[in-house]
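Below you'll find the structure, written out as structure tokens, and then a few comments.
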Amino acid sequence: MESITGIFRIGHGPSSSHTMAPRRAAQEFLERNRGAVRYDVTLFGSLAATGKGHLTDRAILEVLEPEAPTAIHWRPEVFLPFHPNGMQFESYFGSEAEPRERWRTYSIGGGSLADEQTAVQRPRRIYEMTTIAEILAWCERTGYSYWEYVEQCEGPEIWDYLDRVWEVMQQGIQRGLQAEGVLPGGLGVRRKAVDYYIRSKGYSDSMRSRGMVYAYALATSEENAAGGEIVTAPTCGSSGVVPAVLYYLRQTREFSRPRLLRALATAGLFGNVVKYNASVSGAEVGCQGEVGVACAMAAAAACQLFGGTPAQIEYAAEMGLEHHLGLTCDPICGLVQIPCIERNAYAAARALDSNIYATYSDGKHRVSFDRAVEVMRQTGHDLPSLYKETAEGGLAKNYTAKD
């Protein structure tokens, strides 16, 4: 597996796969093709189907158009075999009829890029163990925890990176709690985070705590929908879950910063295992790979903070993922707003419930986290493409403003 920095990418929303990755691809292509007289970009499959709602064209044009005229071509009906999020870049120099370079790449989720060649030749491994079963056995044999495995594989410099990640997460929540008004995109969705936060103050303890979790998740998700700076965890569309859980626990339990960073490391490890063995791309496996994985990551982090054993942490993460299996990715109008924002709030609450359920147990259970990951991968494969970020099925189908 690669570094968990690929799970926690700092950038601007609304989508890691449809905004952040296309921008990265455009930047890489530009570096190799400066001086061109024009660029052509073709978007395929899910990228084309929901790209306008995700600002895919804007992300690409902001990079290429200052250099030369750029045309975007939309091919939503063409799903390339390697991945639903395909894009092709072409550069033209002088009067040449054929492009100087034609590059086809794919956004595979969480802001990452890949193509057929990188699929055959995987990047350098940082983690030798690639399943939670292996890592759990190592933890029980050595007495170490998940975050210590991360530190051993990544080196001590990972803490500086996670410190920056945690800072951006907190800032996103704080901005989101201050912002009001309607989110861009045309759906007329108003920001609700500050309202939920204020109302939570008027309730008793249990209701207040749940309202705060909702508010923190809404704050980040609304910032993402508005194109603000967030951290993928593991994607932009699911970026509200992990920050909400950790911010709530910091506010109410006063966990120290080092302990919170260790919890982030564990969350990243679980997300990394899913990304390596299945996918975190909504266009490939549906929202179970985004919000479901985010819930698992947050559940693992919370369980560790409360002193859970490695087995209990694995159980909490398994529940967080298992109970999102089959969740479709059906964003209305291709915007990361309905149902995405509410799903983040619900998943944050579910993560805390998964932690509680696991800590009541001895950590023993029948379905392992790795088994849940495999089922998620297969379920995503079986889902019709309508339900994988095309805005043509599920809640998005036949939607009108009157609904």
Exercise. Length gain on complete extension for the stretch R257 to E148, per 0.36 nm per residue less the alpha carbon to alpha carbon distance?
Worked result: 37.6 nm
Exercise. Which of these values of percent of Cα pairs over 31 Å apart was calculated from the structure shown: [x] 41; [y] 45; [z] 35?
Worked result: [z]
For this session: Go through K192/K388; K275/K388; K52/K192 and tell me which ones have a Cα-Cα distance over 20 Å in this structure.
Result: K192/K388; K52/K192
For this session: Choose one answer from D57, D195, D353: the residue with the largest mean-square fluctuation in a GNM of the chain with alpha-carbon springs under 10 Å.
Result: D195
Seminar exercise, completed: Dividing the mean separation of Cα pairs under 8 Å (6+ apart) by the residue count of region 303-381 yields a relative contact order in percent of 51
Exercise. Normalised by the number of residues in region 267-340, what is the relative contact order in percent for Cα pairs under 8 Å and 6+ residues apart?
Worked result: 31
For this session: Compute the acute angle (0 to 90°) between the alpha-carbon long axis of helix 205-225 and the principal axis of greatest extent of the alpha-carbon atoms of the chain; round to the nearest 10°.
Result: 20
For this session: Sort by residue number and name the cysteines in the chain that have no neighbouring cysteine Cβ under 4.7 Å.
Result: C139, C153, C236, C295, C303, C333, C340
Problem set entry | Potential extension, L386-F93 segment - 0.36 nm per residue separation minus Cα distance | 101.6 nm
Problem set entry | Per-peptide average of other Cβ atoms within 10 Å, ordering 24-35, 201-212 highest first | 24-35, 201-212
Exercise. Which percent of the accessible heavy-atom area of the chain goes to carbon and sulfur, probe 1.4 angstrom?
Worked result: 48
For this session: Please work out whether region 250-403 counts as rounded, prolate or oblate from its C-alpha gyration tensor, where a ≥ b ≥ c are the square roots of the eigenvalues and a/c under 1.5 means rounded, while otherwise a/b larger than b/c means prolate and anything else oblate?
Result: prolate
Seminar exercise, completed: Heads up, region 1-85 by the C-alpha gyration tensor (a ≥ b ≥ c square roots of eigenvalues; a/c under 1.5 rounded, else a/b over b/c prolate, else oblate) looks oblate
For this session: Sort the following peptides by mean Cβ neighbour count (other Cβ atoms within 10 Å, averaged over residues), highest first: 374-381, 332-339, 146-153.
Result: 332-339, 146-153, 374-381
Problem set entry | Average accessible surface area per residue within the chain, 1.4 Å rolling probe, Å² | 41
Exercise. By how many degrees, between 0 and 90 and to the nearest 10, does the Cα long axis of helix 369-382 differ from the longest principal axis of the chain?
Worked result: 30
Exercise. Can you list the HN-Hα couplings for region 345-359, worked out from phi with the Karplus curve (6.51, -1.76, 1.60; θ = phi - 60°), rounded to whole Hz and with x for Gly and Pro?
Worked result: 5, 5, 5, 5, 5, 5, 4, 5, 5, 4, 4, 4, 4, 5, 6
Seminar exercise, completed: CD proxy, 222 nm, the chain: helix-only mean residue ellipticity via -39,500 (n - 2.57) per DSSP H run with n ≥ 4, per residue, nearest 500, stands at -16000 deg cm²/dmol
Seminar exercise, completed: Here the relative contact order (percent) of the chain, from C-alpha pairs under 8 Å and at least 6 apart, is 19
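The values are calculated or read from the model by the stated rules, or taken from the named source; none is laboratory data. Predicted, not measured: the structure shown is a model, and the values here were computed from it. Backbone-built Cβ (ideal geometry, glycine too); neighbour counts: all protein chains shown. All accessible areas refer to the heavy atoms of the entire protein, side chains included, with ligands and DNA or RNA removed. Shrake-Rupley method; radii C 1.70, N 1.55, O 1.52, S 1.80 Å.
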